[in-house]
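Trainee: Submitted below is the structure of interest, expressed as structure tokens.
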Amino acid sequence: MTPAVMRSAAADLLVGGEIAGVGAVWVPVEADGPRWPVIDDPIASWRQALIAGAAPIRAALDRRLDEIMAGTGTIVEIMPGIAAIGSVIPDREQASNGVAVLPTAELVGEGSLAMLCSAARLDETLIRSLAAEAMLPPRAALPALSVLVRRLHRAALERMRERESQQSVDRRLAESYEELHLLNSLIDGLVVGGDADEFLRSACAELAATAGYGWIAVLVDEPGDVVSDELVLHGEGAPSRSRLRTLAEQAGDASVTAIDTEEEGEIGIASIRGGGRPIGVLLAGGRGGEAMSSVELTLLASAAGHLGVFLRNAMLYADLDAMFLGTLQAMVAAIDAKDPYTRGHSQRVAELSRDLAAAIGLPDSFVRTAHLSGLVHDIGKIGVPEAVLRKAGRLDDDEFALIRQHPQTGYRILKDIPQIRDLLPGVLCHHEAWDGSGYPAGLESREIPLLARIVAICDSFDAMSSNRTYRNARPRDEVFAEIRRCAGVKYDPDIVPVFLGMNFEAYDRLLERDARDQSTELGEAA
Amino acid sequence: MMEDPTLQRKTTILVVDDEDHIVRVVAFKLRAAGFEVIEAFDGEEAWTRLRDTEIDLVLTDQQMPVLDGIGLARRIAADDRFAGVPVVMLTARGFRLDPEEFAGTGIVEMLDKPFSPRVLLERVRANLDRGSSRREAA
């Protein structure tokens, strides 16, 4: 049933109820003729049973319908004792026309009752006694009743309209709540530096559930380091990637629009803007042929607005992060330039420290810190003269003292940069030893920060595994044996087994590449 | 028209909130889903409604004048006539109940405001199902 028909059925029921109050039966009249009510209880509503059940009444009404409906309030006695009052109300959206059919006092006296009862298959004695008890109005009362019918009809329609507008306000209110809830849950996910993929996925899922979409897609123009793929998809039955691109292009610059497609039905498309320019597109569809209302489109546009803010922030954050890492790498390159023998050492220690922190099961933020700390752990070597760093022979006490200063020098260089405060323990303490024999402070066991204990193993391992000014790289089993031997002496005995259990394939590839570069450079120098 | 006594009684939900727009939204959503809805605007009024009508589930706000949501839930739980009537409570975001406050209230679920009417309807259905299976098991 379409909403319009449902509405008119509800209106008829309401009007019928009112009209029954004056002892009449309401017969709605549509363009194709009268719609006779269904008889639900012959005793409770004997009038309805008689009037809707007797074929002669139906026939008489049909015959004189045009005359009855000629104007509102027209009274026609369609047979002795049965009157029809036409009521025509032109409604704003839909006319409401009908006939109030009622028995008058004459029905009992003038004899058509017996015929009608038999036509409607009702017990005449019963109906006669019910009619007598009902005190039917006389013919003379019909003009007054006609006025009453019209008033009741109008009042019932008025109430119907009020009820509908009330319901439409409530529906709008419920939709606003839904939107508010959606936006709230999106805002909850707007954590800068949070996982952008995860955020986009949950935003799509939330939107799909709220607005009843089968699928939601987000196309990001320049995924960069922010999201892993240009397309984030939720749900089933979405068009292909290239088709989505085409649809997005079709929507052009519109902030939100709906495109009616033959194959996929109606698809809502909202532009995602960040920093004043379009940075992506939000597409939604799969509503099973159901039309998209302004409510869904508004919802789509507000979701796209939030996605834009989020993506823009995520992009800025990624830029900042890349710049930060770039700065650190530039500083590290400056140390590498001083000593080709340690080329790539910082990067290798960074990656080993990262992998070791992850293998220990530390949280992601710590794993990231371990990576950066490994990268900059030797930054203090900037303060050590090149002659000392490159010296092939044995270092004298003064030279060794200079080397031993590099942790503090590194600490002093970095300590005023607030963003890297977390990395400092790895820089200052990576030469401390588990038994307290290290430098600069001679800390022992768990006094040494965990970050430094991690970097220390990775630093020694790489030093032993690569060529140095003073010796060549040692074989892997020998390096492993040395580290195992020093567990509980130089290194944290709990971390050593985790380190030895790691996969070194990526490390070996890195080492090989750096060794190639190193030999080229040393060859050129010679 | 006469009421057919053999017709199944509609599941009846008591909605209690002092903010009438909330009552309207909730009532609209629940009625559209086929539930009978009784409205009340504070805990004391809700208590009166509970005694006149058979209620299957109470959906109440926490913060209300006269008698608040917890007070209402506690009264319901303490009265044998309403034993097992589940109470779903709407609370402001971030509102948390201590477990001892929760104990003995019959509160089966708390929902944050602003809520999603769609989710609210789902939770009402789920708690009604759970309630009926609990009664059958007993």
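Trainee: What does the convex hull of the alpha-carbon atoms of the range B:12-137 project to on average, in nm²?
Mentor: Dividing the Cα hull surface by four gives the mean projection, 7.3 nm².
Trainee: Relative contact order (percent) for the range A:158-278, with alpha-carbon contacts under 8 angstrom and 6 or more residues of separation?
Mentor: About 14 percent, as a whole number.
Trainee: Can I ask one more? Report the extension gain between A:Arg421 and A:Ala334 in nm, rounded to one decimal, defined as 0.36 nm multiplied by the number of residues separating them, less their alpha carbon distance.
Mentor: Net length gain for the segment: 29.2 nm.
Trainee: So if I take the centroid of the Cα atoms in the range A:50-104 and the same for the range A:288-305, what is the distance between those two points in Å?
Mentor: For the range A:50-104 versus the range A:288-305, the Cα centre distance is 46 Å.
Trainee: Could you tell me the extents of the range A:192-313's C-alpha atoms along the three principal axes, largest first, rounded to whole Å?
Mentor: Extents along the principal axes, in whole Å: 39, 26, 26.
Trainee: What's the Kirkwood radius of the range A:339-525 in Å, using all Cα pairs?
Mentor: 16.8
Trainee: Over the range A:255-320, how many percent of alpha carbon pairs lie in each 10 Å bin up to the one with the longest distance?
Mentor: P(r) over the range A:255-320, rounded to whole percents: 22, 44, 23, 10, 1.
Trainee: A follow-up question, please. Relative contact order (percent) for the range A:416-460, with alpha-carbon contacts under 8 angstrom and 6 or more residues of separation?
Mentor: Relative contact order comes out at 34 percent.
Trainee: Can I ask one more? Filter the GluC sites (Glu not before Pro) in the range A:286-352 down to the DSSP loop ones having no more than 14 other Cβ atoms within 10 Å, then list what survives.
Mentor: Listed in order of number, the matching sites are A:Glu290.
Trainee: Calculate the dipole size of chain B relative to its Cα centre from +1 charges on Lys and Arg beta carbons and -1 charges on Asp and Glu beta carbons; express the result in debye to the nearest 20. All intermediate terms of the calculation are to be shown ahead of the outcome.
Mentor: Details: 19 positive and 26 negative charges, 105 e Å.
Roughly 500 debye, rounded to the nearest 20.
Trainee: Which angle from 0 to 90°, rounded to the nearest 10, does the C-alpha axis of helix A:241-251 make with the longest principal axis of chain A?
Mentor: Between the helix axis and the principal axis of chain A, the angle is about 60 degrees.
Trainee: Could you give each residue of the range A:123-139 its phi-based ³J(HN,Hα) in whole Hz, using Karplus coefficients 6.51, -1.76, 1.60 with θ = phi - 60°, and x for Gly or Pro?
Mentor: With the stated coefficients, the range A:123-139 comes to 6, 4, 4, 5, 5, 4, 5, 5, 5, 5, 5, 6, 6, 5, x, x, 3 Hz.
Trainee: Name all residues of the range A:21-55 having a backbone nitrogen under 12 Å from the label point set 7 Å from the Cα of A:Arg154 along its Cα→Cβ direction, giving them as ranges.
Mentor: none
Trainee: For A:Leu231 and A:Glu505, what does the FRET efficiency come to when R0 = 35 Å and r is the distance between their Cβ atoms, rounded to the nearest 0.05?
Mentor: 0.65
Trainee: Return the tail of the calculated pair distribution for the protein assembly as shown, meaning the percent of Cα-Cα pairs more than 45 Å apart.
Mentor: Looking at the protein assembly as shown, the distances longer than 45 Å represent 55 percent of pairs.
Trainee: Okay, next question. Go ahead and run the numbers for FRET between A:Asp66 and A:Arg35, Cβ-Cβ distance against an R0 of 25 Å, rounding to 0.05.
Mentor: 0.90
Trainee: Still on this structure: By how many nm would the segment from A:Leu325 to A:Val489 lengthen if fully extended, with 0.36 nm per residue of separation less the alpha-carbon distance?
Mentor: Full extension from A:Leu325 to A:Val489 adds 55.7 nm.
Trainee: Which whole-number percent gives the relative contact order of chain A, counting Cα pairs below 8 Å spaced six or more residues apart?
Mentor: Relative contact order, chain A: 8 percent.
Trainee: If you stretched the chain out fully between A:Glu133 and A:Ala515, how much longer would it get, using 0.36 nm times the residue separation minus the C-alpha to C-alpha distance?
Mentor: That pair, A:Glu133 and A:Ala515, stretches by 126.0 nm at full extension.
Trainee: Compute the acute angle (0 to 90°) between the alpha-carbon long axis of helix A:505-525 and the principal axis of greatest extent of the alpha-carbon atoms of chain A; round to the nearest 10°.
Mentor: Once rounded, one gets 50 degrees.
Trainee: Continuing with this model, one more query. Charges at C-beta only: +1 for Lys and Arg, -1 for Asp and Glu. How large is the resulting dipole of the range A:3-164 about its Cα centre, in Debye rounded to 20?
Mentor: 220
Trainee: Enumerate by residue number the GluC sites (Glu not before Pro) in the range A:56-120 meeting two conditions: DSSP loop (anything except H, G, I, E, B), and at most 14 other Cβ atoms within 10 Å of the site's Cβ.
Mentor: Those that pass, being in a loop and sparsely packed, are A:Glu93, A:Glu110.
Trainee: Moving on to the next point. Would you work out which of A:Val149, A:Met79, A:Pro103 lies farthest towards the positive end of the dipole of the range A:3-164? Charges go on Cβ: Lys and Arg +1, Asp and Glu -1.
Mentor: Checking the options against the dipole of the range A:3-164, the answer is A:Val149.
Trainee: Three principal axis extents, largest first, for the C-alpha atoms of the range A:9-89, in Å?
Mentor: So the three principal-axis extents are 32, 28, 24 Å.
Trainee: So what are the range A:3-164's ellipsoid semi-axes, whole angstrom, largest first, if each one is the square root of 5 times an eigenvalue of the alpha-carbon gyration tensor?
Mentor: Sorted largest first and rounded, they come to 26, 16, 15 Å.
Trainee: Now a separate question. If you take every residue apart from A:Leu142 with its C-beta less than 13 Å away from the C-beta of A:Leu142, what net charge results, scoring Lys and Arg +1 and Asp and Glu -1?
Mentor: Local charge sum for A:Leu142: 0.
Trainee: Along the charge dipole of chain A, which of A:His371, A:Ala481, A:Ser466 sits closest to the positive end, that is, farthest toward it, with unit charges on the beta carbon of Lys, Arg, Asp and Glu (+1, +1, -1, -1)?
Mentor: In chain A, that residue is A:His371.
Quick note: the coordinates plus some simple rules give every number you see, no bench work behind them. If you're wondering where the values come from, they're calculated on a predicted model, not measured in any experiment. Every residue, glycine among them, receives a Cβ derived from its backbone with ideal geometry; neighbour counts consider all protein chains shown.
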